Amino acid sequence: MRWAFFLVLAVFSWGARIVGGAAVDDPAGSALLALGCLIIGGVLSGELAARLRLPKITGYLVLGMAAGPHAVGLETARDATLLRLFEDLALGLIALTAGGEFRLAIIRRRLRPLLAITAAHTFGIVFLVAGSLWLLLGIVPFLGPASPAEMIAGVCLLGVIAVAVSPATTIAVITDLRARGEMVETVLGVTIIKDLVIILLFTAVSALATSWLDGGVSDLGVIRHVALEIAVSLLIGGALGATLGLYLVKVGRLAPLAVLLLALASAELGRGSGIEHLLVCMAAGFAVRNLYPKVAGHFLDALEQSSTPIYVIFFALVGAGLDLGIFVAVWLPALVYVTVRAFAIRLTTRLPARAAGSGPAMVRYGWMGFVAQAGLSLGLAARLQRDLPEVGVPVATLVIAAVVINQLLGPVVWQRAIVAAGETRKNQTAQEGGPMS
Amino acid sequence: MLRGTIAFLVLVTCAVLGAELRNTLARRGLREPTMEGISFLAIGFALGGSGLGLFPDDLLASMRIVVLFGLAWIGFVFGVQIEVRIIRRLAPWHRWVGWLTPIALGLPVVAGALVCGQYPALALGQGAIAMAASPSLLEGLSRGRQVRDRRAVRLLKLVMAFAGLPAVIFFAFATALASRVADSGGGEIPFWQLVVVTAAVGALVGYALVVLVRGVREHIQLLTLAAGSMCLVAGAAAVLGLSALPAAACAGAVLVNRSVFPNRMLRVAHSLERPMLVALLVLVGASWKGASFSLATFVLLTVVRTMAAVIAGEVLQSSARKRRVSAPTPGLGFGLLPQGELALGLVVAIVSFFPSPAGILEAVVAALVVNNLIGRWWMRRRLVDAAAMRAAS
């Protein structure tokens, strides 16, 4: 019955757009219609996914894909541009949650595994994925008619992008299951640190590839510039977080509005500048959590409680942006890329985790937390397409196709991992002797 | 590059200072929503193009979605307060008084605006604003204090509780007339059909929401579904050339009267009301380009409205005396002057929807201040025991 009414509303909004479009061309109204359909449909499909024992965000993503401009077209490309604001806001709030979950005590307690796994991922995944793809190139020329230099640059860049994960997906599944524990903390920590590392690594490899293909000298100044931008992002985030914390302590009223404004300010900063929106919000969340621990708990609880609309909007919009057509075009190399990446992640997580003395759950299931890929990978692919068109176009195509698989598969395996490791709240309550204890 | 950050920091600072000021005023019994709303308009003005220039035009244009959604939400909040079963419980006399008194406040303003040469839609819109009396100030002043005439207070609250309904109905007609697709506006559709479409859009989405929230208990889940529905109302209204506020009010009314748990939906609506109103007012303040003032609107909403209120108050008293509902209270009509959130919402809707509303915002805001000051003065003098107030503070 509820689905039937959703379909009525979807048809109504489609009809309203056609009827009204002739007389009043209002892009904001059209975008709101798309957003309304995505929100209501997202909630319903999230519930359906939960009934099928899948993560809710898988439901949101599938609904987004079905409604997006590459499928039914309830949301058009023009709507997507206008809804960027909401996507940015949701991403900012997710990043604030991620930063807020990252306490100094966790870093101190799990410093060894965090550093070991991050280092292993940074070098191991690049090497394994790039090497395997280089071998595959001999059988399937998925980079098109490329010179050896372009092939090397292409596979190296694909290797670097394979390191990227989706912090939003990681935190969304954790929030949904209200998970706590060693594995969850370690995976979250590595995800956040990798987010910093991947931007630097990508910039370095991309700069080297550009200069090599152009026959020039490597411009290491670019790397310095990016490192500076990251540092500035973190500093700005820290300052904004400190201000927000002060506000929460001194006033406390209209806190959700203040948080939204922070996310908005960060998104605005990120637009057209080198400032990373995600990093600013993560640093802000980290600052609030660690500088104002008394109010941070309350603030994070509020963010967690309001996670449903944030995740519905964000993941439905991410799903709408995924192009199934590209996946169909390059499905074979994409499948190989995804498989090799998953294998590399497994290997480079298990070995260092065991060596650093992590618990058996982390050693066995931790790798599953690094499968999902979304915005960051797509952003890197888009940047590559722009900066290095010779190899960028086929690489970006492959990355987009792989993201479709990883983003659908990632939340599912990550949820399975958390459940198997017994780090959901339900499991913890049972271990502690039930809710009455 | 740093404009967004500076805007954020300034906004937070303003909010901190505003909250401190508000607390200080509240301790002295001076709290009222209109003044708070105006302070947020002022903050927006200070941050916007006419002030610090932190909200450039492109940023404001991208915020139009927020404005449309915010207006829909304000309408929704109003709609979920219209419970037919409560209205039915009232005696017929109370219902008639509740309906007719606000209309008596609005009609002279509409007539005056037409005489001043304003176009019919704008005249009706101002009439709707004139009707939107708010009980917030009266409730704030009389809560926990000795009141001289409880019957008069109850009568005023009754009228003010009803006032929003004719105001929103008037406003629906006004927006239909002002619509770009209306017959009078160069379009082809008669305006009364647009009123019907507005109500139909609201009713359809409202009824769909009734089904969607069935079996849902979590507040955040209800809020998400309600927000999605309001996006649909705001979007449909915008693409059809209608105003979202009356359509959303209709959706809210359908929802609250068909829902199994109307109180839950009321809580949901109120939980987002304040942030939406603040965001709307700041954005409207930021987009203010400045320096025009419609003297006609100001006079209509102050002098004409006050005269209408005094006459309506006298008629109301004489009718009440006959039925022994209230003892005589001199100048009861002055108690109908204070206005609140709905009036602010309506003026925001006029600014964002009506063609060429130059000078209206400034005049309406100034009129709201004057009306609330006069209303407060009268209420303190006639209704609330001054000695008791001093003792309480």
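Note down the magnitude of the dipole of segment A:2-83 about its Cα centre, charges +1 on Lys and Arg C-beta and -1 on Asp and Glu C-beta and zero elsewhere, to the nearest 20 debye.
Roughly 380 debye for segment A:2-83.
Relative to the compact-globule scaling 2.2 N^0.38 Å, provide the ratio for the alpha-carbon radius of gyration of segment A:57-197.
So segment A:57-197 has a normalised radius of gyration of 1.31.
Could you tell me which trypsin sites (Lys or Arg not before Pro) in segment A:8-85 are loop residues by DSSP with no more than 12 other beta carbons within 10 angstrom of their beta carbon?
The qualifying sites are A:R53.
I'd like the distance between the alpha-carbon centres of segment A:117-158 and segment A:34-112, rounded to an integer number of Å.
30
Decide, for segment A:90-431, between rounded, prolate and oblate: order the square roots of the alpha carbon gyration tensor eigenvalues as a ≥ b ≥ c, take rounded if a/c falls under 1.5, and otherwise choose prolate if a/b is larger than b/c, else oblate.
Here segment A:90-431 falls in the prolate category.
Around B:I189, which amide H atoms from residues at least 5 apart in sequence, or from another chain, sit under 5 Å from its own amide H, with H modelled in the peptide plane?
B:D183
Which residues' amide hydrogens lie under 5 Å from the amide hydrogen of B:Q339, considering only partners 5 or more residues apart or on another chain, with H built in the peptide plane?
Residues meeting the criterion, in which the H sits 1.01 Å from N, are B:S134, B:N372.
What FRET efficiency do you get for A:V393 and A:R84 if R0 is 22 Å and r is their Cβ-Cβ distance, rounded to the nearest 0.05?
Plugging the Cβ-Cβ distance into 1/(1 + (r/R0)^6) gives 0.40.
Please report, in debye to the nearest 20, how large the charge dipole of chain A is about its Cα centre when each Lys and Arg carries +1 at its beta carbon and each Asp and Glu carries -1 there.
Roughly 1480 debye, rounded to the nearest 20.
Name the shape class, rounded, prolate or oblate, that the alpha-carbon gyration tensor gives for segment A:4-119, where a ≥ b ≥ c are the square roots of its eigenvalues, rounded holds for a/c under 1.5, and otherwise prolate holds if a/b is larger than b/c and oblate otherwise.
Because a/c hits 1.5 or more and a/b exceeds b/c, segment A:4-119 counts as prolate.
Extension gain A:I139-A:K250, at 0.36 nm per residue separation less the Cα-Cα distance, in nm?
Working it through step by step, the gained length comes to 33.5 nm.
Once you have a ≥ b ≥ c as the square roots of the Cα gyration tensor eigenvalues for the protein assembly as shown, tell me rounded if a/c is under 1.5, and otherwise prolate or oblate according to whether a/b is larger than b/c.
Prolate is the answer for the protein assembly as shown, as a/c is 1.5 or above and a/b outweighs b/c.
5 Å is the cut-off here: which amide hydrogens, built 1.01 Å from N in the peptide plane, fall below it relative to B:V384, excluding neighbours closer than 5 in sequence?
Here the answer is B:R148, since their amide H atoms fall under 5 Å of that of B:V384.
Suppose R0 equals 25 Å; then what is the FRET efficiency for B:F293 and B:D58 from their Cβ-Cβ distance, rounded to the nearest 0.05?
Computed FRET efficiency for B:F293 and B:D58: 0.35.
With labels modelled as points extended 7 Å from the Cα through the Cβ direction, what inter-label distance (nm, one decimal) is found for B:V84 paired with A:L115?
7.1
Rounded to the nearest 20 Debye, what is the dipole magnitude of segment A:46-194 about its Cα centre when Lys and Arg each give +1 and Asp and Glu each give -1 at the C-beta?
Rounded to the nearest 20 debye, it is 620 debye.
Going down the table (B:K157/B:K322; A:K56/A:K250; A:K194/A:K294), which pairs top 31 Å between alpha carbons?
Result: A:K56/A:K250 exceed 31 Å.
Could you please report the charge total around A:V160, scoring K, R as +1 and D, E as -1 over all other residues with beta-carbon less than 13 angstrom from its beta-carbon?
+3
A short reminder: the numbers here are calculations on the coordinates, not readings from a lab. These numbers come from a predicted model, not from an experiment. Because the Cβ atoms are built from the backbone with ideal geometry, glycine has one as well, and the counts that use them run over all protein chains shown.
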